[in-house]
Amino acid sequence: MPLRERCQAPSAVTPSAPPRRWQAWTLGAELGEALGDLANRHRPYVRMHNGRGLFYSVHLENPRSGEPLWEQADGIVTHCLRRGVLMFLTGRGFFKIVPPLTIDREALFESIEVIGCAMDEVLKRSI
């Protein structure tokens, strides 16, 4: 098979994909919107959030110095892990949110609530 054919985008990201696969894409849009709301709620500390599908990252910075808030990002991840929400700890001032592609909407929004509570608690003690 030619390289060009092997490098095609998977059917999971096209509108003609089966509904189960398409769910990850539509829930990803809702995840991005919810993280945008959290970013606005913590605007001085959130430099940006970005992602696609169900893979997102949230970048934190000190509003005075512009330095990454790596301790706070790690604290948020630790808080979430203790409450059953799996996230990636980067140690570089941002955290990654990568729920399973088969997650249902209710579980996703429960996780977002835990992340929001963690951000409230950790960032409230910051700087």
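The values are calculated or read from the model by the stated rules, or taken from the named source; none is laboratory data. What you see is a predicted model, and the numbers here were worked out from it, not measured in a lab. As a convention, Cβ positions derive from the backbone with ideal geometry for all residues, glycine included, and neighbour counts pool all protein chains shown.
Here is how the numbers come out for the structure above:
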read-out: Total residues in the range 43-69, condition surrounded by 14 or more Cβ atoms within 10 Å (Cβ to Cβ), closer than 13 Å to residue 95 by Cβ and under 15 Å from the mean Cα position of the chain (by Cα); value: 10
read-out: Residue, modelled with the highest pLDDT, within the range 13-23, restricted to residues that are out of contact with any helix residue (DSSP H, G or I) (no Cβ under 7 Å at 6 or more places or on another chain) and assigned to a helix (DSSP H, G or I); value: 23
read-out: Residues of the range 44-78 that turn out to be assigned to a loop (DSSP other than H, G, I, E, B) and more than 14 Å from residue 119 (Cβ to Cβ), as a count; value: 8
read-out: Residue satisfying condition, being at negative phi, modelled with pLDDT of 95 or more and of a type outside the set (A, V, I, L, M, F, W, C), within set 68, 10, 44; value: 68
read-out: Qualifying residue in the range 97-110 (condition: surrounded by 16 or more Cβ atoms within 10 Å (Cβ to Cβ), without any contact (Cβ under 8 Å) to a residue 60 or more places away in the chain, in contact with a helix residue (DSSP H, G or I) (Cβ under 7 Å, 6 or more places away or on another chain) and at negative phi); value: no
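The rows are residues; the columns are (1) more than 15 Å from the chain's Cα centre (by Cα); (2) hydroxyl-bearing (Ser, Thr, Tyr); (3) surrounded by fewer than 14 Cβ atoms within 10 Å (Cβ to Cβ); (4) not in a helix (DSSP H, G or I).
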site	(1), (2), (3), (4)
80	no, no, no, no
86	no, no, yes, yes
114	no, no, no, no
121	yes, no, yes, no
